[in-house]
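A short write-up of the structure that comes next.
The values are calculated or read from the model by the stated rules, or taken from the named source; none is laboratory data. Since the model is a prediction, treat every value here as computed from it, not as a measurement. Here Cβ is always computed from backbone atoms with ideal geometry, including for glycine, and neighbour counts include all displayed protein chains. Surface areas here come from the heavy atoms of the whole protein model, side chains and all, with no ligands, DNA or RNA. Shrake-Rupley method; radii C 1.70, N 1.55, O 1.52, S 1.80 Å.
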Amino acid sequence: MGSDFKSIPIIDISPLLDKIDDPKMVQDKELLKVVRLLDKACKEAGFFYVKGHGIPESLVKEVRDITHGFFALPYEDKVKIKMTSESGYRGYQRVGENVTKGKPDMHEAIDCYRPLEPGSFGDLGKPLEGPNLWPDHPSNFKETMEEYIGLVRDLSRKILRGIALALGGPVDALEGERAGDSFWVMRLIGYPVSTDIPEEELTDTGCGAHTDYGLLTLVNQDDDICALEVRNRSGEWIYAVPIPGTFVCNIGDMLKVWSNGLYEPTLHRVVNNSPTYRVSVVFFYEPNFDTAVEPLEFCKQKTGGIVKYEKVVYGEHLVRKVLTNFVV
């Protein structure tokens, strides 16, 4: 799958958002046009921009601004919410503590997960149990982030309803027991200027080449820095150039399994070669934590009836990644 795309498509999803919860949606020509564009983007690039998403630009920018504010604090203040195994792998990690394919990444971050009460998912969920760790400064941090999470979570749900239609299934194919109770993840990531990192710690990437674990990712990136790169089928790295008023979206590993390979995630990486500190706030819309992900019947029919991927429990997949991705 994939193609030799040279740029990432831009999709105005406002017709989808207007009608996607309407029982008569399949009669709407503008909505069906968006569905066709989603199908094309997922097959050819695995990435797309969305505009017309309805989330106020003032809030999108404020989220980045207060993230910048946190990362500008002294290390002694940031480490007050340090990530540990006891915190459920939630909280702050310094530069180099995130590892991609065995190599330290040149970024710092705050990791947030859907809050988990002890015992919610038995032994499976135990490593990630707990509340998120929010800093005291800036003072509006927690309130703003929780408002933002609520909006991007609903936006992701609606985009996935469109993707379900694009796959040829019912609109709710990725809801209910599959992803109706999404275990969302959010990472607030800061990419320092390379000259600010001690030479003995420096590697060549802010985040190494990878695919995302779940269903759908929404990236809120600084407007004026090109750093996110997406690899096409020929191995060329294509910039996901910041476009104000849009989110960069990409599909993840679990959608590959559910679609039986009709849609495959695309390798991407971050290289901050600019002279400016870069922030990216990344929201991951995931399956239900304990759902067993396996190819959907209607997707198997479209791929010759052959099951291409084995069943995987999403929570097991996530925990396995978390336990090997962080130095704590």
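Numbers for the structure displayed
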read-out	value
The listed residue being touching a Phe, Trp or Tyr at 6+ places or on another chain (Cβ under 7 Å) and either of a type in the set (S, T, N, Q) or in a loop (DSSP other than H, G, I, E, B) (or both), out of 127, 118, 135	135
In region 104-136, the residues that are at positive phi and free of Cβ contacts under 8 Å to residues at least 40 places away in the same chain	119, 122
Elements of type helices (runs of 4 or more DSSP H) in region 9-87, at least 2 residues being basic (Lys, Arg)	29-44, 57-71
Residues satisfying the stated conditions in region 43-58, i.e. open to solvent by 10 Å² or more (accessible area, probe 1.4 Å) and among the aliphatic types (A, V, I, L, M)	55
Breaking point among (1) more than 30 Å from residue 299 (Cβ to Cβ); (2) assigned to a helix (DSSP H, G or I); (3) out of contact with any helix residue (DSSP H, G or I) (no Cβ under 6 Å at 6 or more places or on another chain), for residue 95	(2)
Among the residues listed as 14, 7, the single one being open to solvent by 70 Å² or more (accessible area, probe 1.4 Å) and of a type in the set (Ser, Thr, Tyr)	7
Some residue of region 171-184 being touching a strand residue (DSSP E or B) at 6+ places or on another chain (Cβ under 7 Å), within 17 Å of residue 109 (Cβ to Cβ) and at pLDDT 95 or above	yes
Scope region 137-157; condition over 16 Å from residue 286 (Cβ atoms) and either open to solvent by less than 20 Å² (accessible area, probe 1.4 Å) or in contact (Cβ under 8 Å) with a residue 24 or more places away in the chain (or both); matching residues	137, 138, 140, 141, 144, 145, 147, 148, 151
Subset of region 85-113 [open to solvent by less than 40 Å² (accessible area, probe 1.4 Å), more than 22 Å from residue 268 (Cβ to Cβ) and among the polar types (S, T, N, Q)]	87
